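The values are calculated or read from the model by the stated rules, or taken from the named source; none is laboratory data. Given the structure is predicted, the values throughout are model-derived calculations rather than measurements. Every residue, glycine as well, gets a Cβ built from its backbone with ideal geometry; the counts of neighbours run over all protein chains shown. Side chains are part of the model used for accessible areas, which takes the heavy atoms of the whole protein and leaves out ligands, DNA and RNA. Shrake-Rupley method; radii C 1.70, N 1.55, O 1.52, S 1.80 Å.
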Amino acid sequence: MNLDFSPEDVAFRDEVRAFIAENYPAGLREKQEEGEEMAKEDFLAWHRVLANKGWVAPAWPEKFGGPGWTSVQRYIWSEETARADCVPILPFGINMVGPVIYTFATPEQKERFLPKTLSGDIWWCQGYSEPGAGSDLASLKTKAERFTGDDGKEYYLVNGQKTWTTLAQHADWIFCLVRTDPTAKIQEGISFLLIDMKSPGVTVRPIITLGGEHEVNEVWLENVKVPVENRIFEENKGWTCAKFLLAHERSGIAGVARSKRGIERIRAIASTEMSDDGENLLADPVFKRKVAELEIDLTALEYTELRTLAGEAAGKGPGPESSVLKIKGTEIQQRITELVLEAAGHYGAPYFRGFPNDGDNAHPIGPDFAHRSAPHYFNVRKTSIYGGSNEIQRNIIAKMVLGL
């Protein structure tokens with residue numbers, strides 16, 4: 001594995017840096033710096049800039065609208081966007097359902113959905129988890145019953161509930177796992193459906209998180225009529241699509257580049273914040289050791305990711321190693337938020353967005369970073385659960401890697 005960038009890769013890195021500096025939306029940067037909640041148009045602003053450039057889907061094949069980048073170029077892209085603190089492109093369309101569609105869908109489905117996914121004209125959300133089916137996803141209960149409509153076309157009638165559906169309040173479409181054969185073995189009676197969120201019978205109800213944010217939702221499906229032509233792949237074979245999607249999701253969850261940025265931020269904070277003995281936190285041996293251990297673990301994870309990228313460059317898709325990336329990546333993300341909150345001390349008491357309101361004369365006290373540290377800490381607790389809990393990932397590693 002050659003870790004040196006070629007002259008062509010260095011030139012590409014310089015091109016990426018210049019493009020971000022010249023084209024990243026100023027209004028979006030201002031909202032990030034103020035810690036304001038993002039609206040739908042905020043998320044789409046950077047997405048559309050990249051779509052116009054042809055850079056919005058780094059891993060997509062060129063024939064489906066991807067940029068045709070090498071694995072090294074994709075690595076450089078993730079490094080540079082993290083370095084510049086760019087808002088991540090939402091993964092549900094580009095990293096999740098997009099690869100499922102270009103891998104398993106019919107030509108007509110690809111033509112219908114891929115261009116609008118790239119452009120941002122379709123905002124996707126994920127209909128996987130249910131109240132009784134999270135990490136044990138195959139036990140899902142949402143059912144889809146097939147019938148012939150008055151127009152002579154084939155439809156599914158979908159009933160059930162999805163939960164923890166991220167940003168469903170903005171979504172145009174939802175990709176869902178549904179049970180189409182209740183008599184089949186648990187993983188064999190599932191199908192992969194694309195459902196228009198404007199369909200009659202779809203209801204979105206907010207779930208407010210510990211950080212005070214409306215990020216996740218419940219989605220209720222009550223007698224929702226879905227054309228059979230919206231099913232991806234074969235009926236009752238949706239688990240194949242589900243596993244494929246989850247492998248891509250878990251690889252992306254690792255977030256190595258952004259964790260590197262997070263450690264840089266910790267070092268900057270710790271160089272100015274004082275410990276109880278009056279010295280800056282980086283002089284505190286206990287805090288300093290925690291940062292060093294974090295950096296060592298992140299370096300090991302980065303090399304694991306690079307090995308995975310090298311395998312992808314050789315034509316090997318993400319396999320069980322994506323579970324390793326998911327476990328270690330999310331644990332590191334959580335440790336970063338713990339150290340930021342520790343640095344904030346009592347100034348990190350829970351803070352809710354929207355304070356102060358316009359006209360208030362009360363403002364958060366303490367360092368600028370402190371009042372956002374607790375909400376971020378709470379929010380990142382989810383990372384070891386979504387995408388398949390880390391406990392489930394250890395079972396996958398035991399079975400697929402260790403042969404236990």
Scan region 146-165 and give yes if some residue there is open to solvent by 20 Å² or more (accessible area, probe 1.4 Å), touching an Asp or Glu at 6+ places or on another chain (Cβ under 6 Å), under 21 Å from A105 (Cα atoms) and part of a loop (DSSP other than H, G, I, E, B), otherwise no. no
Any chance you could count how many residues in region 377-389 are part of a helix (DSSP H, G or I) and either surrounded by fewer than 18 Cβ atoms within 10 Å (Cβ to Cβ) or among the aliphatic types (A, V, I, L, M) (or both)? 5
Conditions (1) open to solvent by less than 50 Å² (accessible area, probe 1.4 Å); (2) more than 17 Å from T383 (Cα to Cα) -> K326 fails only (2)
How many residues are more than 16 Å from the chain's Cα centre (by Cα), aliphatic (A, V, I, L, M) and modelled with pLDDT of 95 or more if we restrict to region 45-94? 5
Among (1) touching a residue at least 60 places away in the same chain (Cβ under 8 Å); (2) on the phi < 0 side of the Ramachandran plot, where does K237 come up short? (1)
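Would you confirm whether or not region 295-307 contains a residue that is part of a helix (DSSP H, G or I), within 27 Å of N390 (Cβ to Cβ), assigned by the TED database to the domain that holds E391 and open to solvent by less than 20 Å² (accessible area, probe 1.4 Å)? It would help to see each step written out before you state the result.
Pass one, region 295-307, residues part of a helix (DSSP H, G or I): 295-307.
Those left that are additionally within 27 Å of N390 (Cβ to Cβ): 295-307.
Remaining after also requiring assigned by the TED database to the domain that holds E391: 295-307.
Restricting the remaining residues to those that are open to solvent by less than 20 Å² (accessible area, probe 1.4 Å) gives 298, 301.
Scanning region 295-307 turns up at least one residue that is part of a helix (DSSP H, G or I), within 27 Å of N390 (Cβ to Cβ), assigned by the TED database to the domain that holds E391 and open to solvent by less than 20 Å² (accessible area, probe 1.4 Å).
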Counting only residues that are open to solvent by 20 Å² or more (accessible area, probe 1.4 Å) and in a loop (DSSP other than H, G, I, E, B), which one in region 232-269 is nearest to V87 (Cα to Cα)? G255
Conditions: (1) under 22 Å from V380 (Cβ atoms); (2) in a loop (DSSP other than H, G, I, E, B); (3) not polar (S, T, N, Q). P206 meets all but one. Number of the miss? (2)
Of all the residues that make up region 125-145, how many are touching a helix residue (DSSP H, G or I) at 6+ places or on another chain (Cβ under 9 Å), within 16 Å of G238 (Cβ to Cβ) and assigned to a strand (DSSP E or B)? 4
Over region 166-179, the set of residues buried (at least 23 other Cβ atoms within 10 Å of the Cβ) and part of a loop (DSSP other than H, G, I, E, B) is A171
Condition first: free of Cβ contacts under 8 Å to residues at least 12 places away in the same chain and either among the basic types (K, R) or not assigned by the TED database to the domain that holds K326 (or both). Now tell me which residues in region 386-401 satisfy that. K399
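Can T272 be described as open to solvent by 20 Å² or more (accessible area, probe 1.4 Å) and not assigned by the TED database to the domain that holds E302? Give the derivation first.
Details: open to solvent by 20 Å² or more (accessible area, probe 1.4 Å): yes; not assigned by the TED database to the domain that holds E302: no.
Criteria not met by T272.
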Tell me the residue from G65, G35 that is small (G, A, S), on the phi > 0 side of the Ramachandran plot and touching a Gly at 6+ places or on another chain (Cβ under 8 Å), please. G65
